[in-house]
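**Student:** Before anything else, here's the structure in question.
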Amino acid sequence: MNISSGKTQLAGDDHQQTNHTIFTSNKSKLDGKTYKLLLIINYICLFVGSVSSSLLIKFYFNHNGSSRWVSTWIQSAGFPLLLIPIYFPHYCFRPKINQEHISKRKPFSSFDMNLLGLCFGIGLMLVISNLCFSWGNSYLPLSTSALVLSSQLGFTLLLSIIIVKQKITFLNLNCVILLSLSCVLLALSSGGDRPEGLTKRKYFIGFFSTASAGLLFALYLPVMEKIYSKVDCYAMVMEMQFVMEMTATAVATVGMVLFGGFKEMREESVVVFDLGPTRYWVAVGGNVVTWQLCFMGTAGMVFLTTSLTGGICMTALIGMNVVGGVVVYGDDFKGPKVVSTVMCVWGFCSYVYGMYVKMKGENNGGSQNDEDDDDAQQLQKKSLLELSEIVTEDQR
């Protein structure tokens, strides 16, 4: 009875250790089901965060919100929320006994000065990208800004080839071409989207700022893939994201202080925002949360797959952003936009299906190798058993 109880307790510890390993093991050590589950969770975060943040930031500007520093600050100010995926697995998924068998790693324990320096530098790049995005989004309609941001995909492919030696295959090249063509088609139909009162000069500033944000993000993805290749585990990815977002928030806070962003925030909530202070703070709080979901999902996708896959997923969501702008804000959705959105979804689905087939083939190959290894072990055991019988018979 005690032995059975001990086995049950050990099985429970093994289950707890497996859950803990999901977050503390390198992706190469994750089994197929765990890897897919983690991938799905991150893409859901990316999907919800990207679409919701785009709609909420536009909601802010559509109802007389005008502070670009406020919109820049809220894109990274939710970094304390990342402490949840950092510390929750550490305290909830570790075994309660047999402490000598679990990983001794603690949050933020694997950082050195070089890695911290990289995180601070990328954090500075992020705050510049966030500011450019805010400037562009304050002038351009949602559909047009989403279009311009999609230009990052081609640069992501090029920079991935240079930085991480990404191989060009028919699968990824076909997807990049389809998504890029869909965005060009969308651009040709966006000439009438310019709001009333928006001058050509402001429209150009918005276009240039948004394009700059896209280029910076295109650089961010392969650089992070290069760094993540030397990262211990998924938990450390979240820790690095925390440091980068904290750096971006610190710089944005300095900008808020120097340019009166906090004062503008108080005035906007009471006087300027035409829907009242309650909805103003709901919009700000919603942006804080959804932007962190977006960044967390992006970081996870790059770690679990590649920078190019992360860029493709982000670009594919542009179609959803365009549809969201049409449904929520009444942007025009004429024939060319319909065709470009269909091409966008088509390109993404073909890429996902191709990746699925590739992963399935690799898993089947791995399973076959495991079966071959098992057969070899069984044969070896049989040979040893026969040898022992021969020796025993000879001794008799």
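Bear in mind that the values in this text are calculations on the coordinates, not laboratory data. Owing to the predicted nature of the structure, the values given are computational and were not obtained by experimental measurement. For neighbour counting, all protein chains shown are included, and Cβ atoms are generated from backbone atoms with ideal geometry for every residue, glycine included.
**Student:** Pick out, in residue order, every one of the trypsin sites (Lys or Arg not before Pro) in the range 194-263 that is DSSP loop and has at most 16 other C-beta atoms within 10 Å; say none if there are none. Walk me through the numbers on the way to the answer.
**Tutor:** Values: sites: K200, R201, K202, K226, K230, K263; in loops: K230.
Sparse-neighbourhood loop trypsin sites (Lys or Arg not before Pro): K230.
**Student:** Is there a pair in K36/K167; K36/K165; K106/K165; K230/K360 whose C-alpha atoms are over 28 Å apart, and which pairs would that be?
**Tutor:** Long pairs (Cα-Cα over 28 Å): K106/K165.
**Student:** Dividing the convex hull volume of the Cα atoms of the range 235-279 by its residue count, what figure in Å³ per residue is obtained?
**Tutor:** Once divided by residue count, the hull of the range 235-279 is 81 Å³.
**Student:** Something else: 7 Å from Cα along Cα→Cβ at both V270 and V357: what's the point-to-point distance in nm?
**Tutor:** The two pseudo-label positions are separated by 6.3 nm.
**Student:** Another question, then. For the range 218-310, state the average projected area of the convex hull of the C-alpha atoms over all orientations, rounded to one decimal in nm². Working shown, then result.
**Tutor:** Working: hull surface 29.2 nm².
Mean shadow area of the hull around the Cα atoms is 7.3 nm².
**Student:** How many percent of all Cα-Cα pairs in the range 264-303 sit more than 15 Å apart?
**Tutor:** Of the Cα pairs, 51 percent sit more than 15 Å apart.
**Student:** How long is the gain from V48 to A250 if the chain were fully straight, where each residue apart is worth 0.36 nm and the alpha carbon distance is subtracted?
**Tutor:** 70.2 nm
**Student:** So if each residue of separation counts as 0.36 nm, and I subtract the Cα-Cα distance between K230 and W281, what length gain in nm does that give?
**Tutor:** 14.4 nm
**Student:** Given R₀ = 35 Å, FRET efficiency for R201-L258 by Cβ-Cβ distance, to 0.05?
**Tutor:** Details: r = 25 Å, r/R0 = 0.71.
Result of the calculation: an efficiency of 0.90.
**Student:** Give the Debye-formula value of log10 I(q)/I(0) at each listed q (0.16 Å⁻¹), with one equal scatterer per alpha carbon of the range 256-354, two decimals each.
**Tutor:** So the normalised log intensities work out to -0.91.
**Student:** Which FRET efficiency, nearest 0.05, do V339 and F170 yield, Cβ-Cβ r, R0 30 Å?
**Tutor:** With a Förster radius of 30 Å, E is 0.85.
**Student:** I've got another one for you. For the range 116-180, take the alpha-carbon Rg, divide it by the Kirkwood Rh, and send me Rg/Rh.
**Tutor:** Ratio of gyration radius to Kirkwood radius for the range 116-180: 1.07.
**Student:** What ranking, highest mean first, results for peptides 244-254, 264-274 when packing means the other Cβ atoms within 10 Å averaged over each residue?
**Tutor:** Those peptides, ordered most packed to least, come out 244-254, 264-274.
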